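The next block holds one structure in the form of structure tokens; read it before the comments.
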Amino acid sequence: AEPLLTATGLRKSYGPTPALDGADFSIRPGEVVAVMGPSGSGKSTLLHCLAGIVRADAGDVRYDGRSMAGMSDGERSALRRADFGFVFQFGQLVPELTCLENVAMPMRLSGTKRRAAEKQAALWLDRLEVADVAGKRPGEVSGGQGQRVAVARALVSGPRVVFADEPTGALDSLNGERVMRLLTEAAHDTRAAVVLVTHEARVAAYSDREIVVRDGKSRDMERAA
Ligand code: ADP
Ligand code: ADP
């Protein structure tokens, strides 16, 4: 298949030492790619540049044939809302809303009526095996349940790329594996690509391919093999 997301020569510095010092690789539709490396190696910076959250100093990201370097901030944020989903380590659910309302939120923001959005949200909660927490607030559910709600929210709008930064970092291994299994199954079913930042080999084992980042330099294990 044609690549969906291609990084070429990405560089980003916050100070004298580059956080990202050249990233070159492509991700195809439906592919689950793990970005691995030690703490501080530039994984999150790479994810932020790929997702258009942070503007790289040099290089480009092409998404679906379009150059992200050439987009305005408004165009990049519209693209993120329309085509990307996000899962972070924690703190991403709105505490005042129920889990169902949290999952329905991205659809509500893009103009879907409440009934239709909540119906779709309920389907995704069921699929992530957390239908029972629909009416609870994030503070009333376990960490593993909360992360499954967050995955449901990331997937509800049918994104073509899901960016996940240490999505299991705050979970024990059993809950972490359950989140990874459900995330990768749902991504494969919907042909969403997943960019998964992790420092844990057990989490990366759920990916189709690994990109290893060290001192801001990325190495594509598929091409290396
Ligand atoms: P990782 O995700 O692998 O832990 P990061 O991408 O978060 O690595 O960080 C890479 C380097 O860039 C680190 O030295 C980090 O302190 C620095 N860095 C990341 N984001 C910022 C920022 N917003 N401002 C200043 N330095 C940053
Ligand atoms: P991670 O654990 O995913 O590497 P961090 O805790 O390092 O995340 O960073 C969290 C946020 O803070 C990110 O948005 C990152 O860009 C930013 N950040 C990281 N390091 C620095 C830094 N030295 N100065 C300012 N912001 C930073």
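Points worth noting:
- Exposed GluC sites (Glu not before Pro) absent - longest run of the chain, DSSP non-H/G/I/E/B, at most 16 other C-beta within 10 Å: 1-95
- Most mobile of A116, A19, A154 in a GNM of the chain (Cα contacts under 10 Å): A116
- Residues considered: S44, S110, S26. Largest GNM mean-square fluctuation over the chain, using C-alpha springs under 10 Å, is found at S110.
- Size-normalised alpha-carbon gyration radius of segment 44-128, reference 2.2 N^0.38 Å: 1.29
- Global form of segment 1-58, assessed from the alpha-carbon gyration tensor, a/c cut-off 1.5: prolate
- Computed over the chain, the per-residue total of -39500 (n - 2.57) for DSSP H runs of n ≥ 4 gives a 222 nm mean residue ellipticity of -11000 deg cm²/dmol, rounded to 500.
- Proportion of all alpha-carbon pairs of segment 121-191 beyond 14 Å (%): 55 percent
- Distance histogram in 10 Å bins (all Cα pairs of the chain, percent per bin): 8, 34, 36, 19, 3, 0
- Taking D64, D215, D172 in turn, the Gaussian network model of the chain (Cα-Cα springs below 10 Å) assigns the largest fluctuation to D172.
- The H on the amide N of E210, modeled in the peptide plane, is under 5 Å from the matching H of A34, M221, E222, each at least 5 residues off or on a different chain.
- Distance from the alpha carbon centroid of segment 29-62 to that of segment 81-140 works out to 25 angstrom.
- Amide proton proximity set for D24, modelled H, under 5 Å, gap of 5+: G9, S218
- 3J(HN,Hα) along segment 21-27: 10, x, 10, 9, 5, 10, 10 Hz, from the Karplus curve 6.51 cos²θ - 1.76 cosθ + 1.60 with θ = phi - 60°, whole Hz, x for Gly and Pro.
- Computed with a 1.4 Å probe over protein heavy atoms only, the accessible surface of the chain comes to 47 Å² per residue.
- Karplus-derived HN-Hα couplings along segment 89-104 (A = 6.51, B = -1.76, C = 1.60, θ = phi - 60°), whole Hz, x at Gly and Pro: 5, 6, x, 9, 8, 7, x, 7, 9, 6, 4, 4, 5, 4, 5, 6
- Rounded to whole Hz, the Karplus (6.51, -1.76, 1.60) HN-Hα couplings of segment 191-204, x for glycine and proline: 6, 7, 7, 10, 10, 10, 8, 7, 10, 9, 4, 5, 7, 4
- Within the same chain, lysines fewer than 8 places from K136 are excluded, and of the rest, those with a Cα less than 29 Å from its Cα are K113, K119.
The values are calculated or read from the model by the stated rules, or taken from the named source; none is laboratory data. All of these numbers come straight from a predicted model, not from anything done at the bench. Here Cβ is always computed from backbone atoms with ideal geometry, including for glycine, and neighbour counts include all displayed protein chains. For accessibility, only protein heavy atoms count, side chains too; no ligands or nucleic acids. Shrake-Rupley method; radii C 1.70, N 1.55, O 1.52, S 1.80 Å.
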